[in-house]
Amino acid sequence: TVSFIDQANEFRLFRLTDPKFASHLPGNQGVFVSKHASFLLFSSDRGGALQPYRLDIKRGECTQIAEADGLHPEGIVLAPDEKNFYYLDNGGLYRGSLSHGRSRQVYGIASGWEAGYGLGLSPDGLYAALIEKRGGQYRIRLIATGRGTAVTLVEAGEELSLPSPRPKRAGVLYRRAPGSLWLVNFDGAGNHKLAAASDTLGP
C-alpha cells in the first residue's frame with residue numbers, strides 16, 4: 001500500500017495495487033467488498049495470467065484465491081457468508097472458498113455458448129444470474145447454486161448484460177441494448193422495460 005496526496009484536491013489517497021500490472025474490480029452489479037470493508041475481491045495479471053485475488057485492505061496483502069483458465073474479470077461475486085465467492089471461468093460458474101482455496105464448478109455452460117458480461121448473486125446466495133451469448137444471440141440464465149440447475153429467463157437478438165437479482169423479490173434487473181433497464185421474474189414472466197429519463201445510462 002502506498003499513500004500520497006492528490007495534487008488536484010489535496011486528499012490523501014492509498015494505492016492498493018501496483019500499476020505495473022493490470023488490475024480490475026468486478027462488475028458493479030455484484031458485491032465484492034466485505035461488510036466491514038476489511039477486504040475486497042478483484043482480478044489481476046500480476047502472476048502472468050488474469051486470476052482472482054483477495055486484498056486485505058488494512059494490511060495491503062494480496063492472496064490469489066483460485067486458479068482460473070479464462071477468468072471473466074467482471075464476473076466475481078462475494079457470497080453472503082463472506083467465506084465463499086463465485087466467479088466465471090471458461091465454460092462455467094464456479095464456487096471458491098476464501099479459506100482453503102479450493103473451487104468446484106456449480107454450472108457448466110452449454111456447448112456453443114459462452115459467458116457474456118456480468119454475474120449477479122441473490123442476497124441469500126441461492127441463485128446466480130449470468131449472461132450467455134452465441135453469435136448475436138443472448139440469454140439470461142438463472143442458476144440454483146445449491147443444485148446447479150438452470151432456466152432461461154430471457155432470450156434476445158440484442159446485447160443483454162449486468163444481471164442483478166432483486167433483494168427480497170423473485171426477479172432480475174438487467175441491461176438491454178442500446179442502454180435500457182429491464183426487469184424479469186424468476187419464472188420468465190413479466191419481462192418489461194423500466195421507465196428512465198433516457199436510454200443513455202451510466203453505471
* To do: Kindly establish whether S99 is more than 27 Å from L173 (Cβ to Cβ), over 12 Å from the mean Cα position of the chain (by Cα) and surrounded by fewer than 12 Cβ atoms within 10 Å (Cβ to Cβ).
  => yes
* Asked: Based on what the data block shows, is K83 open to solvent by 60 Å² or more (accessible area, probe 1.4 Å) and closer than 25 Å to L126 by Cβ?
  -> yes
* Going by the structure shown, is H192 under 20 Å from P52 (Cβ atoms) and free of Cβ contacts under 8 Å to residues at least 12 places away in the same chain? -> no
* Might you check whether a residue that is among the hydroxyl-bearing types (S, T, Y) and either touching a Phe, Trp or Tyr at 6+ places or on another chain (Cβ under 8 Å) or assigned to a loop (DSSP other than H, G, I, E, B) (or both) occurs anywhere in region 176-186? => no
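Every residue, every condition in (1) in contact with a helix residue (DSSP H, G or I) (Cβ under 8 Å, 6 or more places away or on another chain); (2) of a type in the set (D, E); (3) closer than 17 Å to L16 by Cβ, yes or no:
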site: L40; (1), (2), (3): no, no, yes
site: R46; (1), (2), (3): no, no, yes
site: E61; (1), (2), (3): no, yes, yes
site: N90; (1), (2), (3): no, no, no
site: Y94; (1), (2), (3): no, no, no
* Applying the selection to region 147-170, what residues are open to solvent by less than 30 Å² (accessible area, probe 1.4 Å) and assigned to a loop (DSSP other than H, G, I, E, B)? -> G148
* Taking L173, is it part of a strand (DSSP E or B), more than 21 Å from D69 (Cα to Cα) and modelled with pLDDT under 95? -> no
* Any idea which residue in region 6-23 is nearest to L121 (Cα to Cα), counting only those that are in contact with a Phe, Trp or Tyr (Cβ under 8 Å, 6 or more places away or on another chain) and open to solvent by less than 70 Å² (accessible area, probe 1.4 Å)? -> S23
* Asked: In the set L183, L119, L130, L173, which member is open to solvent by less than 40 Å² (accessible area, probe 1.4 Å) and over 17 Å from A79 (Cβ atoms)?
  -> L183
* To do: Collect the residues in region 55-94 that are of a type in the set (A, V, I, L, M, F, W, C) and assigned to a loop (DSSP other than H, G, I, E, B), keeping them in residue-number order.
  => I57, I65, A66, A68, L71, A79
* Structure fact -> Quick count over region 76-91, residues being modelled with pLDDT of 95 or more and among the small types (G, A, S), is 1
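The values are calculated or read from the model by the stated rules, or taken from the named source; none is laboratory data. Model, not experiment: these values are computed from the prediction. With ideal geometry, Cβ positions are generated from the backbone for all residues, glycine too; neighbour counts draw on all protein chains shown. Calculation scope for accessible area: heavy atoms of the full protein, side chains included, ligands and nucleic acids excluded. Shrake-Rupley method; radii C 1.70, N 1.55, O 1.52, S 1.80 Å.
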